[in-house]
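The structure under discussion appears below in the form of structure tokens.
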Amino acid sequence: MINSTSVLDDAVLVTTLTSPYGKKVRMVASELSLMDNLTIRPADTRDADDPLRDYNPLGKMPCLLLNHGEPVFDSNVIIGYLLEHSGDVSGRLYPEESNWRWQTRRALADGVIDAALLMVYEARFREAEQVSTVWLNHQHGKIERALEWFQANPPGLTPDLPNISLACALGYLDWRQPLNWRATCPALIAWLSAFCNESPALGRILYPEE
């Protein structure tokens, strides 16, 4: 746990409660017992007047505002910052010498989120007659292939970054429903349920309404 003079005291995490990458940061903060140090401030990425764009020129969230005003983004950089300043030395969330398999699993889970977001944005920012089914099918294929890989290479239940990333990806698919992943991925359904039961605080962040 960080001490009272840490730059994380009174830090602000700019994110919505439904952002998958915001949830990822919040889940890591929860595992590091840092949630009490963070104030959540919502943002609207579509609002040109939202101060988020002053903190992050890309207008993307999450964005961590340190108590001296410096912004930190994106989610993986924020997580690295939290780990660096948490005093956690167990290496459970992020092994000190994480190997390429570990990094690949995290990147693949993040890629599922990215593809799902692109599907959502295609419908959100285009008129119905301009939506590209070719583009949607391309993203759909990415998600299907990634979930097939995870089905064939089952994750464990440790709340490390690859597993937190995968849980956030599946939770986002449940919320936005760009495809019905539960119809074809019984092993991942069982895994997600077990993961949330094993780490109930993370499950409440992932599915706050339940």
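The values are calculated or read from the model by the stated rules, or taken from the named source; none is laboratory data. These figures come from a predicted structure and were not determined experimentally. Because the Cβ atoms are built from the backbone with ideal geometry, glycine has one as well, and the counts that use them run over all protein chains shown.
Scan the range 40-64 residue by residue and report those that are at pLDDT below 95 and either β-branched (Val, Ile, Thr) or under 22 Å from Leu170 (Cα atoms) (or both).
Within the range 40-64, just Thr45 meets the criteria.
Check whether at least one residue in the range 106-122 is touching a strand residue (DSSP E or B) at 6+ places or on another chain (Cβ under 7 Å) and either outside the structural domain of Pro186 (by TED's automatic domain parsing) or without any contact (Cβ under 8 Å) to a residue 24 or more places away in the chain (or both), and report yes or no.
No: zero hits.
Only residues that are surrounded by fewer than 13 Cβ atoms within 10 Å (Cβ to Cβ) and either assigned to a helix (DSSP H, G or I) or not assigned by TED's automatic domain parsing to the domain that holds Gly111 (or both): list them for the range 124-148, please.
Selection gives Arg124, Phe125, Ala128, Glu129, Gln130, Thr133, Val134, Asn137, Gly141.
Is it true that Ser75 is crowded, with 16+ Cβ neighbours inside 10 Å, modelled with pLDDT under 95 and not hydrophobic (A, V, I, L, M, F, W, C)?
Against the criterion (crowded, with 16+ Cβ neighbours inside 10 Å, modelled with pLDDT under 95 and not hydrophobic (A, V, I, L, M, F, W, C)), Ser75 does not qualify.
Scan the range 82-124 residue by residue and report those that are under 30 Å from Asp47 (Cα atoms) and modelled with pLDDT under 85.
Matches in the range 82-124: none.
Residues being more than 24 Å from Tyr121 (Cβ to Cβ), part of a helix (DSSP H, G or I) and hydrophobic (A, V, I, L, M, F, W, C): count how many of those fall in the range 150-182. So that I can check it myself, show each step before the final result.
Start the filter on the range 150-182 by keeping residues that are more than 24 Å from Tyr121 (Cβ to Cβ), which leaves 151-163.
When the remaining residues are screened for being part of a helix (DSSP H, G or I), the result is 151-152, 161-163.
Right, trim to hydrophobic (A, V, I, L, M, F, W, C) and you get 152, 161.
Residues meeting the conditions: 2.
Picking from Trp191, Trp175, which residue would you name as being closer than 22 Å to Ser19 by Cα and buried (at least 20 other Cβ atoms within 10 Å of the Cβ)?
Answer to the check: Trp191.
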